[in-house]
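Accompanying notes for the structure given below.
Taken together, the values in this text are just the output of simple stated rules run on the coordinates, not laboratory data. Since we're looking at a predicted model, the values are computed, not measured. Every residue, glycine among them, receives a Cβ derived from its backbone with ideal geometry; neighbour counts consider all protein chains shown.
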Amino acid sequence: MTPRIYEGRVVLITGGTKGLGLGTALAFAAHGAQTILTCRWGSADPDAVRARFAELGAPEPLILEADVARSDDTGLVFEAIKDKFGRLDAFISNASNAVTVQSLDDLTERAFLGSMRASAWPMVEYVLAAKKHLGKYPRHVVVMSSDGPDRFTPAYDFVAASKAAAETLMRYLAYRLRGEDFRINVLRSRAIRTEAFDATFGGEFYDFLRRFVPDEWFVTVEEVANVAFALCSGMFDAMTGQVLMADRGNTFADGISIIYENRVELGL
Amino acid sequence: MTAAKNWNDFRGRAVLVTGGTKGIGLGIGLAFGRRGADVTLTHKWGSADLGAVRAAFAEAGAPPPAIVDADVSQEDDVRAVLTAIRARHATLHSFISNAAFAPTVRSFEDYTRRGLAAAIDYSTWPLVSHTKAIAEIFGAYPRYIVALSSEGIDTYQVNYDIVAAAKASLETLCRYMNQRLREHGTRVNVLRTRFTRTESMRAVFGDEFEEFVEKHSPGVFTEPAEVGEAAVGLCCGLMDVIGGQIVTVDRGANIFENFSRLFEERARGTLTPRAGPA
């Protein structure tokens, strides 16, 4: 049996209607949580999403259309949470919308600032809004990120820059709110095959990688979602301000060395 | 969907914690025991009160632990510990490499090759020697391996030179072992802490350290029970995609335990040296 340790608790997941956001919401819901999922206008089929929760026998999620880059929307989200539930126990900052960069021509100030607004700032704005509207901070915050800040990823210039900013602000929030019943951590993942993966990199990148690594190398939504849940489960309550990578160790072993090691099997 | 349904239930699972009768090791043993695990604790030095250890398990509602006198650096001891577990269990679920010993360094003159070799023997190599012996005796690697490490590798800690060197090499081997053992379904991770109120901390940093830190830089101690919970977290099935990672559980002290923080909070007024260095 899945222990229903989140029964009666409320969890907000931005971008919670698909991909990693939806998977994370389902992990919480399976443990009894009331989830609130935000999505951008017209980007989700609410009935299909609700059906996923019903299959688990989990509480029906509240689905709200809200753009994380719009402060007005943030206010509406927290007013809705206040009216319906009056509390927020965990917040998963997942939605992110940075401009992808294909060439130097795409490096514009406007794209940079827009990416920062939509990918770095929402985490801070939502944490502050929780205090403003609900009177207290969530006990647990998990911010989704990737290995982009440290290592090259195609088209990722602004995504990586905004994630780096989010990670740094996460550390400072951990310091500033250390006197509260509050912990915040970044969960990095990479190579999860979601719609966002193919949208950012194109399907070709997957096919390229598959020539070198087995399908099990790719990380699944469920696996990363379980880590997000574990960070909010109580088992990691002494962990705050940290960056945790969920990648099976793939980043460590990413490079020409591992290809060289396997060159015979790969026919190289 | 959502795998790991019974993640909080360790009944019937064998867990080995080296250096498990005190401090962080005991905190970890209790966290597993509380969830029903059959826990084996090894100990060697010092005089752990074994009655108190058993009482703590009973109080936690945990099955009685097996407590074994064994030296982590001695092959025969390691094999005897594992053979005893093998008599009760077909597999070892989780191996927690916690025991460590290294000479304390008070000045550069205290650096000796022998001291570093001893630190490697007692604090680094047991991770490898136990893992090899587990594979031999059980015919399989444990599903989860967690090695305990600490701050002091990236930032200076008083008297910590040789311990830190051994821990750095432990962390590196964890990353490589994760890569080598992943095809066997084994995850190897490091759990790092900073300051935990234990005998080991007092032995390395001195008896006055705890009070001094509490007075001048409060809020940076982590409890053994908190580290124990995190160790269970890494072995419970929810975090199977975490491999080869350094997981820091220290209440965020690695972010803010510095001069800047002391300056920011100087209004507390405890830090008033008579004068700066000449």
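Assuming R0 = 35 Å, what is the FRET efficiency of B:Y176 and B:R106, from their Cβ-Cβ distance, to the nearest 0.05? Working shown, then result.
Working: r = 32 Å, r/R0 = 0.93.
After rounding to 0.05, the efficiency reads 0.60.
Counting other C-beta atoms within 10 Å, which of B:T91, A:T108 has the fewest, and how do the rest follow?
Numbers: B:T91 15, A:T108 12.
Listed from fewest to most nearby Cβ atoms, that is A:T108, B:T91.
What Rg and what Dmax come out for the protein assembly as shown when only alpha-carbon atoms are used, in angstroms?
Rg, Dmax (Cα atoms, Å): 24.1, 73.
Grab the other residues whose beta carbon is less than 13 angstrom from that of A:R52, score K and R as +1, D and E as -1, and report the net. List each step's numbers first, then the result.
On the way: positive: A:K18, A:R50; negative: A:D45, A:D47, A:E55, A:E60, A:E222.
Net charge in that neighbourhood comes out at -3.
Order the peptides B:194-207, A:20-33 from the highest to the lowest mean number of other Cβ atoms within 10 Å of their residues.
Top of the packing list down: A:20-33, B:194-207.
May I ask you to derive the relative contact order of segment A:71-169, considering only C-alpha pairs under 8 Å and at least 6 residues apart, and to give it as an integer percent?
Working: 119 pairs, mean separation 37.3, N = 99.
Relative contact order here is 38 percent.
Which order do A:M170, A:M116 fall in if you start with the one that has the fewest other Cβ atoms within 10 Å? Working shown, then result.
Numbers: A:M170 26, A:M116 17.
The most exposed by this proxy come first: A:M116, A:M170.
How large is the dipole of chain B about the Cα centre if only Lys and Arg carry +1 and Asp and Glu carry -1, each at its Cβ, rounded to the nearest 20 debye?
Here chain B has a charge dipole of around 660 debye.
Would you mind checking which residues have amide H under 5 Å from B:F221's amide H? H placed 1.01 Å from N; only 5 or more apart, or other chain.
Excluding prolines and chain starts, which carry no amide H, there are no hits.
Please say if segment A:10-266 is rounded, prolate or oblate, where rounded means a/c under 1.5 for a ≥ b ≥ c the square roots of the C-alpha gyration tensor eigenvalues, and otherwise the choice is prolate for a/b larger than b/c and oblate otherwise? Walk me through the numbers on the way to the answer.
Values: a/c = 1.59, a/b = 1.46, b/c = 1.09.
Prolate.
Between helix B:161-181 and chain B, what is the angle of the helix's C-alpha long axis to the longest principal axis, kept within 0 to 90° and rounded to the nearest 10?
The helix B:161-181 is inclined about 30 degrees to chain B.
Lys and Arg at +1, Asp and Glu at -1: add these up for the other residues within a Cβ distance under 9 Å of B:G244 and post the number. Walk me through the numbers on the way to the answer.
Numbers: positive: A:R248, B:R175, B:R182, B:R187; negative: A:D247.
Once all neighbours under 9 Å are counted, the net charge is +3.
By how many degrees, between 0 and 90 and to the nearest 10, does the Cα long axis of helix B:75-86 differ from the longest principal axis of chain B?
So the helix axis and the longest Cα principal axis differ by about 50 degrees.
Give me a single rounded figure for B:223-231: the average over its residues of other chain Cβ atoms within 10 Å of their Cβ.
3
Could you rank the peptides B:107-118, B:243-254, A:80-91 by their average count of other C-beta atoms within 10 Å per residue, with the highest value first? It would help to have the intermediate numbers written out before the result.
Numbers: B:107-118: 11.6, B:243-254: 24.7, A:80-91: 17.2.
Ranked by mean Cβ neighbours within 10 Å, highest first: B:243-254, A:80-91, B:107-118.
Could you state the number of Å between the C-alpha centres of segment B:94-109 and segment B:250-278?
27 Å
Suppose only helical runs count, i.e. DSSP H with n ≥ 4. What mean residue ellipticity at 222 nm does that imply for chain B under -39500 (n - 2.57) per run, divided by all residues and rounded to the nearest 500 deg cm²/dmol? Before the final figure, lay out the partial values.
Numbers: 11 runs with 113 residues, N = 278.
It lands at -12000 deg cm²/dmol.
What net charge do the residues around B:A37 carry, taking every other residue with its C-beta under 9 Å from that of B:A37, with Lys and Arg at +1 and Asp and Glu at -1? Write out the running numbers ahead of the final one.
On the way: positive: B:R11, B:R13, B:R34, B:R35; negative: B:D38.
Residues close to B:A37 contribute a combined charge of +3.
Remind me, relative contact order of chain A in percent, using alpha carbon pairs under 8 angstrom and six or more residues apart? If you can, show how the numbers build up before the last one.
Numbers: 454 pairs, mean separation 47.8, N = 268.
Dividing the mean separation by the residue count of chain A yields 18 percent.
Under 5 Å between amide hydrogens, which residues at least 5 positions from A:A95 or on another chain qualify, with H placed 1.01 Å from N in the peptide plane?
Under 5 Å from the amide H of A:A95: A:T14, A:G15.
Using only DSSP helix segments of four residues or longer, with each worth -39500 (n - 2.57), what per-residue ellipticity at 222 nm results for chain A after dividing by its residue count and rounding to 500?
Calculated at 222 nm, the ellipticity per residue is -13000 deg cm²/dmol.
Could you work out the mean count of beta carbons from other protein chains within 10 Å of each residue's beta carbon in A:172-180? Could the numbers behind the result be given before it?
Details: counts 2, 1, 4, 6, 1, 1, 8, 1, 0.
Per residue, the number of nearby Cβ atoms from other chains is 3 on average.
Would you grab the residues whose amide H sits under 5 Å from the one on B:A99? Only those 5+ places off in sequence or on another chain, please, with H modelled 1.01 Å from N.
The answer is B:T18, B:G19.
Give me the inter-chain shielding for A:248-255: mean count of other chain Cβ atoms within 10 Å, whole number please.
Working: counts 10, 16, 5, 2, 7, 8, 0, 0.
Per residue, the average neighbour count from other chains is 6.
Please report, for the Cα atoms of segment B:14-265, the Rg to one decimal and the Dmax as a whole number; what are they, in angstrom?
Looking at segment B:14-265, its Cα Rg and Dmax stand at 17.6, 57 Å.
Take the cross-link list A:K18/A:K84; A:K163/B:K167; B:K44/B:K215; A:K163/B:K132 and give me the ones stretching past 28 Å between alpha-carbons.
Details: A:K18/A:K84 23 Å; A:K163/B:K167 30 Å; B:K44/B:K215 33 Å; A:K163/B:K132 40 Å.
Table pairs above 28 Å Cα-Cα are A:K163/B:K167; B:K44/B:K215; A:K163/B:K132.
Calculate the dipole size of segment A:10-266 relative to its Cα centre from +1 charges on Lys and Arg beta carbons and -1 charges on Asp and Glu beta carbons; express the result in debye to the nearest 20. Provide the component values of the computation, followed by the final result.
Working: 27 positive and 34 negative charges, 181 e Å.
Roughly 880 debye for segment A:10-266.
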